[in-house]
1. From the list Arg265, Arg304, which residue is without any contact (Cβ under 8 Å) to a residue 24 or more places away in the chain, within 28 Å of Gly165 (Cα to Cα), assigned by TED's automatic domain parsing to the domain that holds Thr213 and out of contact with any Cys (no Cβ under 6 Å at 6 or more places or on another chain)?
2. Regarding Ser319, is this residue surrounded by fewer than 21 Cβ atoms within 10 Å (Cβ to Cβ) and either out of contact with any Gly (no Cβ under 6 Å at 6 or more places or on another chain) or more than 16 Å from Asn286 (Cα to Cα) (or both)?
3. Kindly establish whether Leu327 is hydrophobic (A, V, I, L, M, F, W, C), in a helix (DSSP H, G or I), under 18 Å from Ala188 (Cβ atoms) and at pLDDT 95 or above.
4. Would you pick out the residues in the range 323-338 that are closer than 13 Å to Met285 by Cα and buried (at least 21 other Cβ atoms within 10 Å of the Cβ)?
5. Could you go through the range 367-390 and let me know if any residue there is more than 27 Å from Gln202 (Cα to Cα), in the same structural domain as Ala206 (by TED's automatic domain parsing) and not aromatic (Phe, Trp, Tyr).
6. Checking the structure you have, find out if any residue of the range 315-323 is in contact (Cβ under 8 Å) with a residue 12 or more places away in the chain and closer than 21 Å to His235 by Cβ.
7. Within the range 227-264, which residues are under 30 Å from Arg143 (Cα atoms) and outside any loop (DSSP other than H, G, I, E, B)?
Amino acid sequence: MPPAPPCLPHPTGPRQPPVTKELDRPLGQDRRERPAGRSFRPRGSSVVGALAALAILGAGAGIALQPEPFRVPDDRLAVEASSGPVEVAASSSAEPAATPLRTTPADGATVPGPSIIRVNPPAEPASNVIVIHDPSSLGQNLRVAHLPDRALIEQSEMGPLPARGPDGRRAAEVYARPWSGTRGARVALVIGGLGLSQTGTQDAIAKLPPEITLAFAPQGNSLGRWMQAARGQGHEIMMQLPLEPFDYPRVNPGRNTLTVEAEVRHNIENLYWALSRTTNYTGVMNYMGGRFTADQQAFAPIMRELGQRGLSYLDDGSSARSVAQTLAAESDVPYAQGDLVIDQARDRGSILAKLDELEATARARGFAIGTGTAFDVTVDAVAEWARAVRKRGIEVVPVSAVTASSTGG
């Protein structure tokens, strides 16, 4: 028998064992050969998917290339240029949820659907009106509270003077510290004399809660710096105005006092000097002034000037003969009157007793206003009382929060 022929190698390499498991199959070796002469035809689902992807990419590119793709056009909203809560008027008839915002025509015609029609709504809006408050009004922005609003500043030879804005805004509201808005018992405290003592001023700003209003003496030093520190801590501030007392000049309020015998022009110049000492205050309060505040002829030009400049006036209540309330009403000046001077006796027990009186007044009437000076004992007593009174249901508020109430508003 002839010998068996030798085993020759397989034309394409050694013979591989058959692949029986998917895990053992080499990558790319499971593709089937297409029959020769047969062209590739994409499935219908692949074509639809590709077209959908292209449509999505095209729409996204169109939106992205717009200058402000997600901004609501200005002509969709009719909002007056002012600050404050926003009033939204609802349609009298039920509208579908998808009804877009409407614009408010200049002629006041009614258009179906809700719209934002104006800011600063009336005190008693209609029953079908929803008032939306600006979230920024719920708390003071401490980062910019020390910066004056340039629209409310008039430059003069003496320095910056407060002025009404072109849109009618007033410092009395613009620089006011926000508060809760509830109608429970409220106590406002104004601590004056800041700026006269550097250490005392620093302690008052640091120790007193931000709801306490601070008043600066125009004769003080570094008032711009202290104003920034006070506003940065959240305090509402006022400027004290030296007015002639009955025992003047034996009892002297200080430099540039406004007096009954002086010419109106001279008193206005002294007023400007006091007003120009710093910025960002809501109004002025009297420092002494028993004789001046009782003289209508001398006081009326000053009150008119305060009204024209958008400032409020706080009477500390120390003089029963003051005509400030009458003159304020005539000159459109927001007005408030103090109930008690809390530190006529510089004794901690006496000051706390006066604060208890304010608390009782607030419970009976709804609000109360106290004034004092930044003595060490006063600052410490007020800081202690303010922490405790909250637990008894009394809200400590800035004086601007009770100004309207003081006039019966």
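The values are calculated or read from the model by the stated rules, or taken from the named source; none is laboratory data. What you see is a predicted model; the values in this text were computed from it and never measured. Don't worry about glycine lacking a Cβ; one is built from the backbone with ideal geometry, like all the others, and counts go over all protein chains shown.
1. Values: Arg304 fails: without any contact (Cβ under 8 Å) to a residue 24 or more places away in the chain.
Answer to the check: Arg265.
2. Numbers: surrounded by fewer than 21 Cβ atoms within 10 Å (Cβ to Cβ): yes; either out of contact with any Gly (no Cβ under 6 Å at 6 or more places or on another chain) or more than 16 Å from Asn286 (Cα to Cα) (or both): no.
So Ser319 does not fit the description; no.
3. Numbers: hydrophobic (A, V, I, L, M, F, W, C): yes; in a helix (DSSP H, G or I): yes; under 18 Å from Ala188 (Cβ atoms): no; at pLDDT 95 or above: yes.
Judged against the criteria, Leu327 is not a match.
4. From the range 323-338, those closer than 13 Å to Met285 by Cα are 324-325, 328, 333-338; that's our starting set.
Result: Ala324, Ala328, Val333, Pro334, Tyr335, Ala336, Gly338.
5. Of the range 367-390, the ones more than 27 Å from Gln202 (Cα to Cα) are 367.
Right, trim to in the same structural domain as Ala206 (by TED's automatic domain parsing) and you get 367.
Cutting the leftovers down to not aromatic (Phe, Trp, Tyr) gives us none.
The answer is no, given that none of the residues of the range 367-390 is more than 27 Å from Gln202 (Cα to Cα), in the same structural domain as Ala206 (by TED's automatic domain parsing) and not aromatic (Phe, Trp, Tyr).
6. Just the residues of the range 315-323 that are in contact (Cβ under 8 Å) with a residue 12 or more places away in the chain, to begin with: 315-319, 321-323.
If we keep only those that are closer than 21 Å to His235 by Cβ as well, we get 315-316.
Yes: one or more hits.
7. Here is the first cut: in the range 227-264, the residues under 30 Å from Arg143 (Cα atoms) are 227-241.
Once the filter is applied, which keeps residues that are under 30 Å from Arg143 (Cα atoms) and outside any loop (DSSP other than H, G, I, E, B), the range 227-264 yields Met227, Gln228, Ala229, Ala230, Arg231, Gly232, Ile237, Met238, Met239, Gln240, Leu241.
Results for (1) in the same structural domain as Ala324 (by TED's automatic domain parsing); (2) within 19 Å of Gly317 (Cα to Cα); (3) surrounded by fewer than 17 Cβ atoms within 10 Å (Cβ to Cβ), shown as yes or no for each residue.
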{"position": "Pro249", "(1), (2), (3)": "yes, no, yes"}
{"position": "Gly254", "(1), (2), (3)": "yes, no, yes"}
{"position": "Glu269", "(1), (2), (3)": "yes, no, yes"}
{"position": "Arg277", "(1), (2), (3)": "yes, no, no"}
{"position": "Gly290", "(1), (2), (3)": "yes, yes, no"}
